[in-house]
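Okay, so here's the structure we're looking at.
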Amino acid sequence: QPLPADPSEPEARQALRLPKTVVPSYYKLSLKIDLDKCDFTGVAEVDVTVNDSTTSILLNSVGLAIINGEFNCGKEKIPVKDIREKEDEKIEFLMEAPVQKGFGVLRYSFWGSLSDDLRGFYRCNGKNEKGQLMNFASTNFESADARRAFPCWDEPAIKAVFEVTLTIQKAYLALSNMPVADEQDAAEEGWRVIRFEPTPKMSTYLVCFVIGKFDYVEAMSARKIRMRVYTPIGKKQQGSYALQAAVKAIDFYEEYFSVPYPLKKADLIAIPDFSPGAMENWGLITFREASILYDPQQTSTVHRQWISLVVAHEIAHQWFGNLVTMEWWTYLWLNEGFAQFMESFSVSHFAPELDILSQFAANTLSRALELDALDNSHPIEVEVDSPAEVDEIFDAISYKKGACVIRMLYNYIGDEKFREGMSAYLREHAYGTTTSDDLWKALAQTSGLPIVDVMHSWVKQKGFPLVRVKSRKSGLDLILELKQEKFFTSAEKSKTGSPQLWKIPVFVGAEGLKDQIALLTEPKMEVEIVEGAKAAWIHINHGASGVFRVYYDPPMLQALIPAVRNRSISSMDRFILHSDQLALVEAGYASMKVLLELTDAYADELDYSVWTSISTMMSKLELLLGNDSAMLKKLYAFGKKLYTRIFKRLGWDLKDDDKPATAMLRSLVLGKMVRFGDEEVIKEAQKRFNLHVSGKTELAADLRMSVYRAVAQTADKNPDSWEQLIRIYQTAQLQEEANRVAIALGAVQTRDLLLK
């Protein structure tokens, strides 16, 4: 007997996907949903193309009972004689006679139960404004869970049109991707039938329907696209902020890419129980409540910023993912990496007050590098077979490293050429599917740069480079000596690890000189900086534009310290300099002494992102010294000294000229002062908490996390405060508030309270 095919072989991988013998073009999908019984029945009539005569039709299906089926071709009807469940979440319709090459309609009926595992078509419960429980049903199909709601060709490349009809109880509202085409009473009393307009050609994982009771707020985009945010009953005003962000985002993307949003509506909806932060279903974007609801009195600045980013991310997917879709999950990063980059890019344009681009290195790049340095990382582009494997790559490599690589590419080719290339890419592949190479070719054509060669080195191998740099003078010029090697979490591994090579756009900044880009394609290279000898400092990876760490020759690092101290280099450069040095120390490439000397130069630092790197350093040192109480005490004393200066400058309360980043910095610094056990800060926090719970003064949202932590940290001395925290958690009307308390409760210091 022959051995089974090796799943790593291309032929075996292809066999795990559906054959192209019969492919759909148009689904008429009718579902009757009973929220009381938590089940549904359905009928699908699918226009198909038969490419080869066959007696077997394969579809994807999981957990559904198939009742019957038949194939119609003109007047001829061919019944399904048997239905077999196959491996890999497939079913096989065995026909009584061969289905001939050509066109026809495959009809089948089925039954399923609404699950409670937040995938496929599932049930959940929410509360109205009176605290009463209400039933809901929602879909969550990405990556491969449409097959749990209706049998289908559940692969991203097998696109089709979907005409959805839902029969529901009259007490509820039903939504789907498209506007309602018509609505009428059902034959059965108490029920109604809602038919939605046909969708554009799209992938199964983007189909969506939601049944429940909602309020909504509405606005129109510049091009008169109807936009709504659906919220729990009684909370529609909490959807206003997300609605404004969504309108601005859709207007920005339409103008930037010169590709119009193709649907008549764009709905965003808060789901009571939802697994991901949000899901980009075309025309009906689903969100966790915490990802979309905003209360001006209770939502912190950092959370408001997060809502803007999540909304911008999902709106970006309407182009990257929905209009143009990855051919297979191997290219997931084309969806997620682009959306992650575009969320910051768009928010920086429509909400400049958030100063979001200056936070990109802190929020995205540093996290991507931290994870990608691990031995168990994976390439951005990774072969996947099963649905389980697909779910595994929805991670920070696909999202964050993918976004960083796109940003590096953007900075390499420039805004104008990037914009032209992306517009051409979207237009050429609209309603179709692509691979990474399709994107590289579009950008290479507009930029004239070797994009394909450069980008292959970034998406097809895991890890990232460490660029070592030293300099020497040559008359008035400066010669940079650049060397690349793989960055390891332990410097010792660099002596034995397999060599890797990247094609690295190296962004170079020099005091008083124009920025320049050098393409490092070999293990070592020299770069000439004209008149660079007069520059007081040279900064590599200027603007934190590249996806690598930098090791400076000591004199070059020392030359940068005055620029940090007087803030003559940008906040992003100050951040990446500290973040790189922290990573180098942690991996054993550099000494702690050098890092602490560098950190001392940040004494007058005012930037939020830069302080996140310093805070990360303190957290890692705390973790390292966790079992040494004497050393931990010294660390806290060092921390209080380090943070007191900036804390005194910021104070407790919001000032009229504070920017959003200043409010976030205040919250960050206060949290650390509480962590370090600063007695004056903790005493003031307790005072403000007491005023808050007594109703005399409402505690500002940006202070709540720090104050709640201070109260929990000292709750063993004040049992009443513990009970008050629990009550706040139990009565919270906003998920963010409940989350704040839950996190703060982890700061308790006694076993009895933990058990309680």
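The values are calculated or read from the model by the stated rules, or taken from the named source; none is laboratory data. Fair warning: this is a prediction, and the values are worked out from it, not measured in the lab. Using ideal geometry, Cβ is built from the backbone for each residue, glycine included, and neighbour counts are taken over all protein chains shown.
Values for this structure:
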| quantity | calculated |
| --- | --- |
| Enumerated helices (runs of 4 or more DSSP H) restricted to segment 371-467, each holding at least 3 residues that are under 29 Å from residue 576 (Cβ atoms) and modelled with pLDDT of 95 or more | 402-413, 415-428, 436-447, 451-459 |
| Residues that are in a loop (DSSP other than H, G, I, E, B) and of a type in the set (S, T, N, Q), drawn from segment 509-532 | 521 |
| Meets criteria (under 19 Å from residue 577 (Cβ atoms) and in contact with a helix residue (DSSP H, G or I) (Cβ under 6 Å, 6 or more places away or on another chain)) for residue 562 | no |
| Hits in segment 468-508 - residues which are in contact (Cβ under 8 Å) with a residue 40 or more places away in the chain, exposed (fewer than 15 other Cβ atoms within 10 Å of the Cβ) and part of a strand (DSSP E or B) | 473, 474, 477, 481 |
| Residue count, segment 76-115 (criterion: part of a loop (DSSP other than H, G, I, E, B) and without any contact (Cβ under 8 Å) to a residue 40 or more places away in the chain) | 1 |
| Sole exception among (1) in a loop (DSSP other than H, G, I, E, B); (2) touching a Lys or Arg at 6+ places or on another chain (Cβ under 9 Å) for residue 674, by number | (1) |
| Scope segment 272-287; condition surrounded by fewer than 23 Cβ atoms within 10 Å (Cβ to Cβ) and at pLDDT 95 or above; matching residues | 278 |
| Count - residues of segment 413-454 that are among the polar types (S, T, N, Q), free of Cβ contacts under 8 Å to residues at least 60 places away in the same chain and closer than 24 Å to residue 158 by Cα | 0 |
| Count of residues meeting criterion [surrounded by 12 or more Cβ atoms within 10 Å (Cβ to Cβ) and either in the same structural domain as residue 377 (by TED's automatic domain parsing) or free of Cβ contacts under 8 Å to residues at least 12 places away in the same chain (or both)] in segment 509-529 | 0 |
| Residues satisfying the stated conditions in segment 719-735, i.e. more than 30 Å from residue 239 (Cβ to Cβ) and either free of Cβ contacts under 8 Å to residues at least 12 places away in the same chain or loosely packed, with under 12 Cβ neighbours inside 10 Å (or both) | 719, 720, 723 |
| Flag if residue 142 is in the same structural domain as residue 75 (by TED's automatic domain parsing), assigned to a strand (DSSP E or B) and out of contact with any Gly (no Cβ under 7 Å at 6 or more places or on another chain) | no |
| Count of residues meeting criterion [hydroxyl-bearing (Ser, Thr, Tyr) and over 21 Å from residue 605 (Cα atoms)] in segment 656-696 | 1 |
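Residues checked against (1) touching a residue at least 60 places away in the same chain (Cβ under 8 Å); (2) under 24 Å from residue 239 (Cβ atoms):
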site	(1), (2)
120	no, no
132	no, yes
137	yes, yes
154	yes, no
169	yes, no
